[in-house]
Amino acid sequence: MRLKVLGAYGASDAEHNLTGYLLDDWLAIDAGTLTSKLSFAQQARVQAVFITHPHADHIRDLPHLILNRFAQASPSLTIFASRDVMDLLMKNVFNGIVWPDFSSVIAPATGKSVVQYRPLAPGKKVVFNSVTLTAIPVDHQIPASGVIVEMGGQGIVFTGDTGPTQKIWKQTNNTPNVVAVVTEASFPNDQQQLADDTAHLTPETFGNELKKITVDAPVYASHRKIPFERDIESQIRNLRDRRARVLLEKNYTL
Ligand SMILES: [Zn+2]
Ligand SMILES: [Zn+2]
């Protein structure tokens, strides 16, 4: 599978982008960065987005992706999220105030609704376009679920934002042919208290999470906060675990 990292940071400036990933050009994981890095034609090819949680750095471009759908002759955009996350999105974002609820709007180009919401039960596999998605709760400040994606005989795991967690690693260890795990290291080790208070990882706690993962696949640290990226990167390297990697904003072939 191809993983396009549109944004690998938990903060943004001219050279760093908010969390957003694209698999095989059509399945997005989080939407901090989507429209801002994809052409109109590339956006039309995005068929589904999985949202890990409603923090702004993970949804910033989602309203705009939906709006652009209105002018595109492409199928409805399917939005996946765990049920509790979907409830928060509906109540706080697609509430007719911050942004319309486009699920009731028909696109003139297709005669179909612009967007479809697919709330997921935790741990339950769903199949979409021959791809299996499993939402697994993680430990963040608010309801949040990572996702395990199985496509073309390969598995990839995205935790989204999380502090130390368990369930998703158990499921990861039971998933065949995992080729990559994308988790986070938001703050450097000297800010462990801040990381703990905000339910994030540092390289040190990232290292503790690595010990819970038994699969032999690269485990990427994403969601680094500006201006700590250099410290975080060197501390990830110092873990001396060959699986530990820093996620870069580039295209990966897995
Ligand atoms: Zn975040
Ligand atoms: Zn968050």
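What is the chain's relative contact order, in percent, from Cα pairs under 8 angstrom and six or more apart in sequence? Could you put the intermediate results ahead of the total?
On the way: 606 pairs, mean separation 42.9, N = 254.
In percent, rounded to a whole number, it is 17.
Rounded to whole Hz and in sequence order, give me ³J(HN,Hα) for the stretch 239-253 from the Karplus expression 6.51 cos²θ - 1.76 cosθ + 1.60, θ = phi - 60°, writing x for Gly and Pro.
5, 6, 10, 5, 7, 6, 9, 9, 7, 10, 7, 7, 9, 10, 10
So for the chain, what are the equivalent ellipsoid semi-axes in whole Å, largest first, each being the square root of 5 times an eigenvalue of the Cα gyration tensor?
Numbers: eigenvalues 171, 72, 58 Å².
Each semi-axis is √(5λ); the values are 29, 19, 17 Å.
Let me test this: with uniform point scatterers at the alpha carbons of the stretch 43-89, what is the Debye-based log₁₀ I(q)/I(0) at q = 0.17, 0.20, 0.28 1/Å?
-0.49, -0.66, -1.08
Helix 203-212 sits at what angle to the longest principal axis of the chain, using alpha carbons and giving 0 to 90 degrees rounded to 10?
That works out to roughly 80 degrees.
In debye to the nearest 20, how big a dipole does the chain give about its Cα centre with +1 on each Lys and Arg Cβ and -1 on each Asp and Glu Cβ? Provide the component values of the computation, followed by the final result.
Values: 25 positive and 25 negative charges, 162 e Å.
Magnitude of the dipole: close to 780 debye.
Kindly count the pairs of lysines across the stretch 95-241 whose alpha carbons are less than 23 Å apart, treating pairs on different chains or eight or more residues apart as eligible.
10
For the stretch 138-144, in order, what is each residue's ³J(HN,Hα) by Karplus, 6.51 cos²θ - 1.76 cosθ + 1.60 with θ = phi - 60°, in whole Hz (x at glycine and Pro)?
10, 10, 10, 6, 10, x, 8
Mind checking the full-extension length gain between GLN116 and LYS250? Use 0.36 nm per residue of separation minus the Cα-Cα distance, one decimal, nm.
Working: separation 134, 0.36 × 134 = 48.24 nm, distance 2.92 nm.
Separation in residues times 0.36 nm, less the Cα-Cα distance, equals 45.3 nm.
Tell me, how many Å apart are the Cα centres for the stretch 129-193 and for the stretch 73-117?
Each part reduced to its Cα centre gives a spacing of 24 Å.
I'd like the orientation of helix 83-92 relative to the chain: the angle between its Cα long axis and the longest Cα principal axis, in ° from 0 to 90, rounded to 10.
60
Per residue of the chain, what 222 nm ellipticity follows from adding -39500 (n - 2.57) for every DSSP H run with n ≥ 4, rounded to the nearest 500? Present the calculation step by step, with values, prior to reporting the outcome.
Values: 8 runs with 59 residues, N = 254.
The helix contribution divided over the chain gives -6000 deg cm²/dmol.
Accessible area of the stretch 107-254 with a 1.4 Å probe: how many percent of it is carbon plus sulfur? Write out the running numbers ahead of the final one.
Working: 3170 of 6620 Å².
Carbon and sulfur: 48 percent of the exposed surface of the stretch 107-254.
Take the alpha-carbon positions of the stretch 1-114, form their convex hull, and give its projected area averaged over all directions (one quarter of the hull surface) in nm².
Details: hull surface 27.8 nm².
Reported value for the Cα convex hull: 7.0 nm².
Just how much of LEU133 is accessible, in Å², when a 1.4 Å probe is used and the result is rounded to the nearest 10?
The accessible area comes out at roughly 0 Å².
The values are calculated or read from the model by the stated rules, or taken from the named source; none is laboratory data. Given the structure is predicted, the values throughout are model-derived calculations rather than measurements. When we count neighbours, we look across all protein chains shown, and the Cβ atoms used for this are built from the backbone with ideal geometry, even at glycine. We work out accessible area using only protein heavy atoms, side chains counted, and drop any ligands, DNA or RNA first. Shrake-Rupley method; radii C 1.70, N 1.55, O 1.52, S 1.80 Å.
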